[in-house]
Amino acid sequence: MNRIIINVNNFQKRAAIIEEGRVVEVLTEREDESNIIKNIYKGRVANVLPGMESAFVDIGLEKNSFLFVDDLREFEEKYLNGIVNSGKPIEDLLTVGDKVVVQVLNVPRGTKGARVTTNFTIPGKYLVLMPNSDHIAISKKIKDEDERARLQEIFEEIKPAKMGVIIRTAAQGKSVYHFEKEISYLVKKWEDIEKKIVKAKIGEVLYNDNSIVTTILRDILSNDIDELVVDNEEVYWEIIDYINAFSENNFKTKVKLFDENRDIFDEYNVNKEIQKALDKNVWLDCGGYLVIEKTEALVSIDVNTGKNTGSFNLEKTVLNTNLDAAREIPKQLRLRNLSGIIIIDFIDMKLQEDKDLVLQQLDAELKKDRTKNNIVHFTDLGLVEMTRKRVGRNLSYFYEEECPMCHGKGKIKSVDSIIEDVIKDFKKAAEEKDIKKIKITSSKRVINKIKEIYYDIMTDYLKSRGKELSLSSEEINNITGYDIFLEK
């Protein structure tokens with residue numbers, strides 16, 4: 001059974017997509033910068049960088065957003081005093097202090113601010129309105145040429161003047177009635193945005209399209225979903241109202257209200273799946289396992305045979321493990337929302353037909369992902385390169401934070417390294433006059449090793465200076481830290 005589970009509380013809204021009894025995607029909505037994709041802001045140009053063909057735009061966030069010149073070129077004739085851009089450099093289009101209206105493409109990450117554009121898109125269930133474009137695009141997932149021609153013909157008739165549309169996959173088989181109704185709704189949204197532009201302050205949100213409930217109803221709820229379960233009555237009626245307005249009436253029978261006094265994510269084992277998805281190791285059904293690690297530049301996935309020793313020969317064991325990995329990796333990318341450049345290190349295969357089978361399996365599973373992705377190829381080193389479009393934050397952003405001890409390295413100072421620092425400070429303290437005792441406190445592992453190897457040397461060093469040594473182990477949060485106290 002395929003389900004959508006929605007959890008609503010005062011802190012956040014969360015949704016889990018369950019396919020055939022397994023959690024494949026988790027969406028989270030909180031009031032922070034993780035939830036600004038597709039927001040439209042009124043901003044001010046903070047800096048223009050000719051060498052980077054871009055500008056920094058203040059939109060009221062912690063870091064200034066980044067506007068590339070190619071993301072500006074269909075906008076300035078209408079909003080920048082009639083300037084027509086025919087490949088002009090960015091310094092001829094924008095100056096510091098200019099007011100611009102931008103839409104967020106990517107959320108801030110690391111030291112980088114959000115990437116923004118002036119090529120706006122206002123999404124609906126069947127189409128995406130492009131207010132400052134003038135062409136019709138059809139989803140590549142619509143393969144039937146007759147259907148593509150039918151949709152093209154319909155939208156050439158009903159498309160708003162001087163506006164463009166992207167026809168979504170959900171439009172297949174739908175009538176002009178559905179499209180006219182949605183176009184009217186989306187054009188009204190854009191007109192409301194335009195009315196706000198003049199009076200809006202810098203950093204003001206002119207359009208917000210990040211409600212989890214809206215996303216689910218518009219992009220995910222379909223005939224493939226058997227049940228939608230929500231634990232909040234107000235949101236339940238919001239869903240029913242949306243279905244009445246925009247979706248097939250039979251969807252209403254799929255919506256269920258869950259007891260808000262029980263934990264809906266526990267009931268459907270979503271919390272357990274989230275915890276497993278935060279681990280870097282993923283066990284495969286065959287006994288092999290994946291190691292998934294995210295860095296600033298890319299995501300690396302290593303495939304290992306693990307407990308899969310096979311029952312035939314080495315090549316079949318390797319192929320079996322790699323095929324299992326190819327089925328699992330796309331599921332993990334969706335669940336963890338990993339994106340950007342992804343490098344997969346499958347176990348080495350000698351036969352080209354085995355490599356082709358693995359790529360075919362990987363491609364088939366990736367097609368189930370609603371986020372755009374692309375397999376590049378097997379490299380000369382036997383690695384698979386692929387990309388996945390960045391949409392929102394990855395899962396770990398909402399559940400983990402950087403370790404204050406190792407600052408994201410995954411390693412801390414060794415005991416010997418800590419003791420080296422202790423001895424250096426100890427020698428300086430030993431030269432202090434008017435003290436009789438030096439007390440060192442640290443974690444048990446540090447103190448135990450000092451007692452085992454260095455204690456006699458340190459006490460002799462102090463005796464020659466008329467001083468004593470005291471060691472104390474404590475349960476401390478900072479396991480790499482230590483303190484040296486001087487007593488008179």
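Tyr242 exposes around 40 Å² of accessible area when a 1.4 Å probe is run over every protein chain in place.
For every other residue with a beta carbon closer than 13 angstrom to the beta carbon of Asp483, add +1 if it is Lys or Arg and -1 if Asp or Glu, then tell me the sum. Once all neighbours under 13 Å are counted, the net charge is -3. Annotation for the stretch 404-473: trypsin sites (Lys or Arg not before Pro) lying in DSSP loop with at most 13 further Cβ atoms inside 10 Å of their Cβ are Lys409, Lys411, Lys433, Lys436, Arg465. Solvent-accessible surface of protein heavy atoms, probed at 1.4 angstrom with all chains present, puts Lys143, Lys368 in the order Lys143, Lys368, largest first. Of Asp219, Asp231, the residue with the largest accessible area leads and the full order is Asp219, Asp231 (1.4 Å probe). Of the whole protein surface, Thr121 contributes about 30 Å² of accessible area at a 1.4 Å probe radius. Accessible area ranking (1.4 Å probe, heavy atoms, ligands and nucleic acids excluded), largest first, for Glu487, Glu157: Glu157, Glu487. Were the residues from Thr459 through Glu227 laid out at 0.36 nm apart, the gain over their Cα-Cα distance would be 76.3 nm. Think of each Lys and Arg Cβ as +1 and each Asp and Glu Cβ as -1; about the Cα centre, that makes the dipole of the chain roughly 1020 debye.
On the basis of the beta-carbon distance and an R0 of 41 Å, Arg327 and Lys449 show a calculated FRET efficiency of 0.30. Between the listed residues Pro108, Pro123, His135, the Cα displaced farthest toward the positive end of the dipole of the stretch 85-136, a dipole computed from Cβ unit charges relative to the Cα centre, is found at Pro108.
When only alpha carbons are used to place a centre, the stretch 363-427 and the stretch 112-146 end up 32 Å from one another.
Considering all different alpha carbon pairs of the stretch 436-488, the Kirkwood hydrodynamic radius works out to 11.5 Å. Taking 0.36 nm per residue of sequence separation and removing the Cα-Cα distance, the Asn269/Asp92 pair yields an extension gain of 58.1 nm. Using a probe radius of 1.4 angstrom, the carbon and sulfur fraction of the accessible surface of the chain is 48%.
Segment Ile240..Glu353, full-extension length gain: 35.6 nm, with 0.36 nm per residue of separation and the alpha-carbon distance subtracted. Working note: 222 nm ellipticity from helices only, DSSP H runs with n ≥ 4, each -39,500 (n - 2.57), summed and divided by the residues of the chain, gives -9000 deg cm²/dmol to the nearest 500. The charge dipole of the stretch 120-202, taken about its Cα centre with unit charges on the Cβ of Lys, Arg, Asp and Glu (plus for the first two, minus for the last two), comes to roughly 560 debye.
Label-to-label distance for Lys413 and Val128 is 5.0 nm, based on points extended 7 Å past Cα in the beta-carbon direction. Taking a ≥ b ≥ c as the square roots of the eigenvalues of the alpha-carbon gyration tensor, the stretch 303-452 is classed prolate because a/c is 1.5 or more and a/b outweighs b/c.
Within the stretch 260-357, which chymotrypsin sites (Phe, Trp or Tyr not before Pro) sit in a loop by DSSP and count at most 12 neighbouring Cβ atoms inside 10 Å?
Within the stretch 260-357, the qualifying chymotrypsin sites (Phe, Trp or Tyr not before Pro) (loop, at most 12 other Cβ atoms within 10 Å) are Phe312.
Counting every pair of alpha carbons in the stretch 167-258, the share spaced more than 19 Å apart comes to 51 percent. Name all residues of the stretch 333-357 having a backbone nitrogen under 20 Å from the label point set 7 Å from the Cα of Val376 along its Cα→Cβ direction, giving them as ranges. Hits in the stretch 333-357 for Val376 at 20 Å: 333-334, 338-349, 355-356. Spin-label model, Glu315 to Lys424: label points 7 Å out along the Cα-to-beta-carbon direction sit 5.7 nm apart. Here the simple spin-label model places points 7 Å from the Cα toward Cβ, and for Glu487 and Val291 these points are separated by 4.7 nm. Residues of the stretch 111-128 with backbone nitrogen within less than 19 Å of a virtual label 7 Å along the Cα-to-Cβ line of Asn250, please, listed as ranges. Zone members listed by number: 126. Could you list the GluC sites (Glu not before Pro) in the stretch 275-378 that lie in coil according to DSSP, counting only those with at most 10 other Cβ atoms within 10 Å of their Cβ? Within the stretch 275-378, the qualifying GluC sites (Glu not before Pro) (loop, at most 10 other Cβ atoms within 10 Å) are Glu296.
For the chain, count all C-alpha to C-alpha pairs, find those more than 28 Å apart, and express that count as a whole percent of the total. It works out to 66 percent of all Cα pairs.
Once the 1.4 Å probe is applied to the protein heavy atoms, the chain comes out at 54 Å² accessible per residue. Comparing Cα centroids, the stretch 166-245 and the stretch 38-66 end up 27 angstrom apart.
Where a ≥ b ≥ c are the square roots of the eigenvalues of the C-alpha gyration tensor, would you call the stretch 121-233 rounded, which needs a/c under 1.5, or, failing that, prolate if a/b is larger than b/c, or oblate? Oblate, because a/c is 1.5 or more while a/b does not exceed b/c. At the residue level, Glu53 shows approximately 100 square angstrom of accessible surface with a 1.4 angstrom probe and all protein chains present. Estimated translational diffusion coefficient (Stokes-Einstein, Kirkwood radius over Cα pairs, 4 °C, 1.567 mPa s) of the stretch 230-332: 75 µm² per second.
The values are calculated or read from the model by the stated rules, or taken from the named source; none is laboratory data. Treat the numbers as computed from the prediction; the structure is a model and nothing was measured. Note that each Cβ is placed from the backbone with ideal geometry, even for glycine, and that neighbours are counted across all protein chains shown. Areas reflect the complete protein model, heavy atoms only, side chains present, ligands, DNA and RNA absent. Shrake-Rupley method; radii C 1.70, N 1.55, O 1.52, S 1.80 Å.
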